[in-house]
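The values are calculated or read from the model by the stated rules, or taken from the named source; none is laboratory data. Since this is a predicted model, take the numbers as computed values, not measurements. Here the Cβ positions follow ideal geometry from the backbone for every residue, glycine too, while neighbour counts run over all protein chains shown.
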Amino acid sequence: MSEWKWTRIADHDSLTEGPVWDGSGLLYNECYASTTFRWDPKTGESTVWREHTGQANGMTFDRQGQLFVCEGDAHRVTKVDLENPNAEPTVISDAFGGKTLNWPNDLAVDSTGRVFFTDPNYTGGPNNIAHESVYMAEHTFGGNWNTTRVTFDTKKPNGVLLSIDQKTLFVAESAHKPGEPRQLRAYPVNDDGTLGDHLALHDFGQSRGIDGMTLTSVGSIVATAGSSDSGPGPMLYEFEPSGRVVRTHPAPADNPTNCTYGGSSLDTLFVTFAGGEVYRVDDTGHTGHLAYPQRPF
């Protein structure tokens, strides 16, 4: 396969994250600016879509087209009204065991509406909750949401992704301290949404591990990882579901943060970066497997 051809579509002052395709444009966050932008492929321009986001990070749609957001600095996971994004969002989860969440980072929603999200702390300050775990928020009778802890072995869980059959939750264990694990992990999903023991699919050693990831229509994983500080540098990795690395693609900027497929046929890859850049790749050889919008056939 030929090398990827990268096109920069936006450039911001600080970390961009959480890209999602809404059917006709790309939504993404400039985290520290607490602003969500929307890039329009017809104009090639990005405009402010939502403000005061609580340093929103990861975002995802469910199968009904509802948008769920990790608001890290607001310490909560929310559902945002697409028609009125600056309205007060619905809070899905903001506490566990009577304590405020740490810094919710990334999330995935299954076909029953259960929201799996990671809750690490990359600030360098003290935790709100002693452990840094993956949680499952489930809609209960009466309109409430119940939050359950589903990992008990994570140090700093980051990106999270469900397999096509929803029987596996892929988790990026991406700690920063020397000696701590930087792995792509696979956790079996039980019928009640709890998780079984993980299998480490890939170990990045002491290089920067996975930040965000997305799924292709054949079930492979495209993940952002690496930096100029160590190892092979900033990369996009293609993994088989087994964890085998199929190929890698050098990134045009340092510290890629997250990615998603989009475009009219869901065959364009969009990638965000820690430096504020947003890129697209028009021919990766894949189409995306997204909960919403579904790939047209």
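S163: under 20 Å from N258 (Cβ atoms) and touching a residue at least 60 places away in the same chain (Cβ under 8 Å), yes or no? In short, yes.
Of all residues in the range 183-203, exactly one satisfies the criterion of being under 16 Å from the mean Cα position of the chain (by Cα) and either of a type in the set (D, E, K, R) or within 16 Å of Y135 (Cβ to Cβ) (or both), namely R185. For G179, indicate whether it is assigned to a strand (DSSP E or B) and modelled with pLDDT under 95. No. Just wondering, is there one or more residues in the range 139-161 that are of a type in the set (K, R), touching a strand residue (DSSP E or B) at 6+ places or on another chain (Cβ under 9 Å) and not in a strand (DSSP E or B)? For the range 139-161, residues of a type in the set (K, R), touching a strand residue (DSSP E or B) at 6+ places or on another chain (Cβ under 9 Å) and not in a strand (DSSP E or B): present. For the range 25-60, a residue qualifies if it is among the polar types (S, T, N, Q) and touching a residue at least 12 places away in the same chain (Cβ under 8 Å), and the qualifying residues are N29, S34, T35, T36, S46, T53, Q55, N57, T60. Of the residues screened, A253 is one that is over 17 Å from the mean Cα position of the chain (by Cα), under 30 Å from K177 (Cβ atoms) and aliphatic (A, V, I, L, M). In the range 206-222, the residues that are closer than 15 Å to F117 by Cα form Cβ pairs under 7 Å with partners that are assigned to a loop (DSSP other than H, G, I, E, B), at six or more places apart or across chains, as follows: G212/D106. Looking across the range 268-291 at every residue that is under 18 Å from the mean Cα position of the chain (by Cα) and part of a loop (DSSP other than H, G, I, E, B), the one that is nearest to G113 (Cα to Cα) is identified as A291.
Set side by side, the residues P120, P126, P19 differ, and just one is over 24 Å from L269 (Cα atoms) and either free of Cβ contacts under 8 Å to residues at least 12 places away in the same chain or not in a loop (DSSP other than H, G, I, E, B) (or both), which is P126.
Of all residues in the range 202-239, those satisfying the criterion of being in a loop (DSSP other than H, G, I, E, B) and acidic (D, E) are D211, D229.
Applying the criterion of being surrounded by 14 or more Cβ atoms within 10 Å (Cβ to Cβ) and among the hydrophobic types (A, V, I, L, M, F, W, C) to the residues of the range 83-99, the residue that is farthest from N57 (Cα to Cα) is F96.
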